[in-house]
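This report concerns only the one structure given below.
The values are calculated or read from the model by the stated rules, or taken from the named source; none is laboratory data. Since the model is a prediction, treat every value here as computed from it, not as a measurement. Glycine gets a Cβ as well: all are built from the backbone with ideal geometry, and neighbour counts include every protein chain shown. Side chains are part of the model used for accessible areas, which takes the heavy atoms of the whole protein and leaves out ligands, DNA and RNA. Shrake-Rupley method; radii C 1.70, N 1.55, O 1.52, S 1.80 Å.
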Amino acid sequence: MPVAQINGINLGYDVYGSGEPVVMVTGTGAPGRVWRTHQVPALRRAGYQVITVDNRGIPPTDLCPEGFTLDDMAADLAALIEHLGQGPCRVIGTSLGGIILQELLLARPELISQAVLMASGGRADALITAMSAGDIELSESGSKIPPRYAAYTHALQNLSPRTLNDEEKLQDWLTVFEMSPLDPAAVRNQLGLELIPDRLPAYRRIDRPCLVIGFADDLVVRPYLSREVAEAIPGAVYTEIPGCGHYGYLERPTAVNSAIIDFFAR
């Protein structure tokens, strides 16, 4: 994995294929490799070069224990795009990654040609605020959650009933979650970054073509929050993918990839 020295940190990224570039940004605690199974192959088949990023706090990118902000993370993406000589380019972000891109669209719009914002919101509602506070409290307590407990609670929070009711698929997910649990302490500095004030009025200044994707069964960022983002951004297109939760891009990758590639082709 190449590492760029930008903004005073080491930032890890991967580049796949050739063609017009697409930069992909993950959510809280997720490494860039989560895109490899479904999105990277689909975008490469469509003729795009794919660049995945490990955000601050995710090795091999620096952990930055002193802390950081959304603006820092948006600046990292801007610097990486410039470092690679790839702007303006297409960008895709999910959850926290979508919020980061929304700030990049405001701060450095000249670096972006099109944006896809998945499971993203423009404000922290009561549930997001409560979940964030709980995650931070857990990370600071030093408590260790048993892997099996963490696996099933992670499944309930992030998957749809469609997946939860399919025993074979669910068992595969539970195995993955149990083998690679998210350690709240390890991503402590990313926790809470989704606690944004109401940014919807600011999004009215975004002037790049945007596709906003909501996941119908998302319990983390309920679809109405993503719909608000689309309504705030002038000319944005909103689509909602049924039968998937917060990990919709992994639960229903074919539908998600088709929506992305169709939007890019417009």
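Numbers for the structure displayed
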read-out	value
Dipole magnitude of the chain about its Cα centre (Cβ charges: Lys, Arg +1; Asp, Glu -1), debye to nearest 20	540 debye
Exposure of SER120 as accessible area (Å², to 10), given a probe of 1.4 Å and all protein chains	0 Å²
Neighbourhood charge, 13 Å Cβ-Cβ cut-off, centred on VAL256 and excluding it, Lys, Arg +1 and Asp, Glu -1	-3
Residue order for ILE136, ILE92 - accessible surface, 1.4 angstrom probe, largest first	ILE136, ILE92
Shape category assigned to the stretch 1-131 from the gyration tensor of Cα positions, a/c cut at 1.5	rounded
Within the accessible area of the stretch 54-190 (1.4 Å probe), percent carbon and sulfur	55 percent
Å² per residue, accessible surface of the chain at 1.4 Å	44 Å²
All-pairs Cα distance distribution in the stretch 157-254, expressed in whole percent, bin size 10 Å	14, 35, 33, 16, 2
DSSP-loop GluC sites (Glu not before Pro) across the stretch 44-106, with at most 11 other Cβ within 10 angstrom	GLU66
At R0 = 25 Å, FRET efficiency that the Cβ-Cβ distance of ASP262 and ARG44 yields, to 0.05	0.90
Selection from ALA124, LEU193, GLY87 lying farthest towards where the dipole of the chain points positive, charges on Cβ	GLY87
Local electrostatic count at MET1 - Lys and Arg +1, Asp and Glu -1, tallied over other residues with Cβ under 10 Å	-1
Antiparallel %, DSSP beta bridges [both residues in the stretch 13-94], to 5	30 percent
Protection-proxy order for peptides 246-253, 34-41, each taking the mean of Cβ atoms within 10 Å per residue, highest first	246-253, 34-41
